[in-house]
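Below is one structure, written out as structure tokens, with a few remarks after it.
The values are calculated or read from the model by the stated rules, or taken from the named source; none is laboratory data. Bear in mind the structure is a predicted one, so any value in this text is a computation, not a measurement. FYI the Cβ positions are ideal-geometry reconstructions off the backbone, even for glycines, and counts take in every protein chain you see. Only protein heavy atoms, including side chains, enter the accessible area calculation; ligands, DNA and RNA are left aside. Shrake-Rupley method; radii C 1.70, N 1.55, O 1.52, S 1.80 Å.
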Amino acid sequence: MRILLCLFLVLSFWQLGQTQNYDDLPVTLKSPFNTVYTHLHYLQSDNYDPEKSARTIFGVEDKEEAKEVAIKLKQILDGRGLFVRLNRLPQNPNFREDSISNRQVYTLFPLELPEVYVERIDSLWYYSAETIDNVDKLHKQVYPFGTDRLLNLVPQFGHTKVLGIALWQYLGLLILLIGALLLHAILSRILNPIVQRLTRSKLYPSIINPKWISRIAQYTSIIIILRFIQLFLTALQLPVKTFQFAIIVIKILTVTLVIMVLLQVVEIVMAYAKSVTKKTDSKMDEQLMPIVKRVLQAVVISVGIVQILTTLDVDVTTLIAGISIGGLALALAAQDTLKNLFGSLMIFLDRPFQIGDWINFADIDGTVEEVGFRSTRVRTFANSLVYVPNGKLADMTINNFGLRIYRRFTTKIAIAYSTPTERIEAFVEGVRFILKEHPSTRKQGQEVHLNDMNASSLDILVYVFFDVADWSAELKGKHQILMSIIELAKKLDVQFAFPSTSIYVESMPEQSKDAPQKEELGAIQAQLAEFEKQLKAKWKLG
């Protein structure tokens, strides 16, 4: 009975307000859309006006009788779980459903309810006379015991809705649940000896497992109870979508239970067959029994799955035809398909990247746009779109730049060999100050040093990390730092070096050579201090 309890809970918490939602439109009967809309809209709890709804009933002069017909007609639709989709109703005043008969009619549900249709009479659309004549008969079929009259006994507070379902409907569900539990207790005791008697054999009285009998009795009892619930569920007049959902759940549960009963029947049949094969001299039939059993179980389960798919409105015929005709092609293609499927599962489980991450793999650089079950879409920086099968992507080495905590920036600043050491030291200190004071840099791990002596330059290494969220902020930080380094070099009169070749001619011995003039350290330090003061004020304001 846990299944019934779960069904009760699912119905109780089904979507809030799962009723047909209509916008307010003026009353008009110029098309099938307007007529059906008028009929249903004015019987909603928020816009309840049966008199306006009864305008769609033709040929009934008594207003009270017309209102009763309109209400019963809506109850028939709700009780049958038929949801009217307004966007599919024709809005053409001259609509003709059948061009051969040339009748201007529209049937709401041709397969489920062909007796209910609207027709054009004197330029307006009404429910047909045939529909009105069949309302009472259809209503008794949906509510066989007059259970809809119980609504008149419900107090006003019982119509208060919680999660889209009225309180009296909750009470009705609870009564159904209690009745189902009591009925199950009775039926399981009655059915158990019946099933045992049907499966008993005089030749093999002890080969049937009592658990099989008990399970068949219990499953059969629940199937009967589900039919009982389906019969009386219409009386509760649940919202249409909720009722549809409940009916689908009941049908799926019924099919599942039938499968379980048939599987137990297979166990009983195979137990008898096994007993028969033991008395034969041949061992071939005993070896075939497990295969036959598995085949029967597979057939039962396959038929059950097909029935469930049919309940869910899946086109099973096309599916079966495709499998039977293209079985060979499907088998050949299954290798790559399964590989991509497992690749998708690995990506979803391991999460090597997420949507929006900048990744690099196999010379492809770009941003992840979508991860599907078969392939992953990557938008490259050239704005092209790359589709990568997940099976291959799962085997690749992926460099995920999007998961970086910090973004590294490293460069070399080449200065001229003629730069005095005092200015080099001041320049290095200035660059360190720039990195330290910049608001987007990580304050740990900064490195600025005279790092190399190349053929035409002295190289200063700059190594720093940005603490930013995206590439655009990283580029902005690089721009600010490089511009500040250029300003610092200009301030300290430090010249950047270019690849060049210099020829130096040593002076003759007889010529006097003046010693190079030494820079004053104090003047350089003053220039550096002035630069740092200006930079700090600039970034503080910016």
In whole Hz and in residue order, list the ³J(HN,Hα) couplings for the stretch 390-405 that follow from phi through the Karplus curve 6.51 cos²θ - 1.76 cosθ + 1.60, θ = phi - 60°; x for Gly and Pro.
5, x, 6, 5, 5, 8, 8, 8, 10, 9, 9, 6, x, 8, 5, 7
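Among 383-393, 209-219, what's the highest-first ranking by average C-beta atoms within 10 angstrom per residue? Please report the intermediate quantities before stating the final value.
Working: 383-393: 15.4, 209-219: 17.5.
Final packing ranking: 209-219, 383-393.
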In order through the stretch 476-487: 3J(HN,Hα) via Karplus (6.51 cos²θ - 1.76 cosθ + 1.60), integer Hz, x for Gly, Pro
5, x, 4, 4, 5, 5, 5, 5, 5, 5, 5, 5
Can you tell me how the stretch 51-112 classifies by the Cα gyration tensor, rounded, prolate or oblate, using a/c under 1.5 as the rounded cut?
oblate
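In debye to the nearest 20, how big a dipole does the stretch 439-480 give about its Cα centre with +1 on each Lys and Arg Cβ and -1 on each Asp and Glu Cβ?
Working: 4 positive and 6 negative charges, 33 e Å.
Charge dipole, the stretch 439-480, about its Cα centre: 160 debye, nearest 20.
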Along the stretch 292-302, Karplus-curve 3J(HN,Hα) (6.51, -1.76, 1.60; θ = phi - 60°) to the nearest Hz, with x for Gly and Pro, reads 4, 4, 5, 5, 4, 4, 5, 5, 4, 5, 5
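Rounded if a/c is under 1.5, else prolate if a/b is larger than b/c, else oblate: which is the stretch 344-413, with a ≥ b ≥ c the root eigenvalues of its Cα gyration tensor? Numbers along the way, then the final one.
Values: a/c = 2.22, a/b = 1.66, b/c = 1.34.
Prolate is the answer for the stretch 344-413, as a/c is 1.5 or above and a/b outweighs b/c.
In what sequence, largest accessible area first, do Asp62, Asp49 appear using a 1.4 Å probe?
Descending order: Asp62, Asp49.
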Name the residues whose placed amide hydrogens come within less than 5 Å of the amide hydrogen of Val468, ignoring near sequence neighbours (fewer than 5 apart) on the same chain.
Arg407
Out of residues 5 or more away from Ala414 or on other chains, whose amide H comes under 5 Å of its own, with H placed 1.01 Å from N in the peptide plane?
Ile460, Ala497
Between the stretch 364-399 and the stretch 409-472, what is the C-alpha centre distance in whole Å?
36
Any residue on another chain or 5+ positions along whose placed amide H is under 5 Å from the amide H of Ser31 is listed here as Trp125
At 7 Å along Cα-to-Cβ for each site, give me the label-to-label distance between Asp493 and Ser384 in nm.
5.3
For a quick protection proxy, order the peptides 33-40, 50-57 by their average other-Cβ count within 10 Å, most packed first.
33-40, 50-57
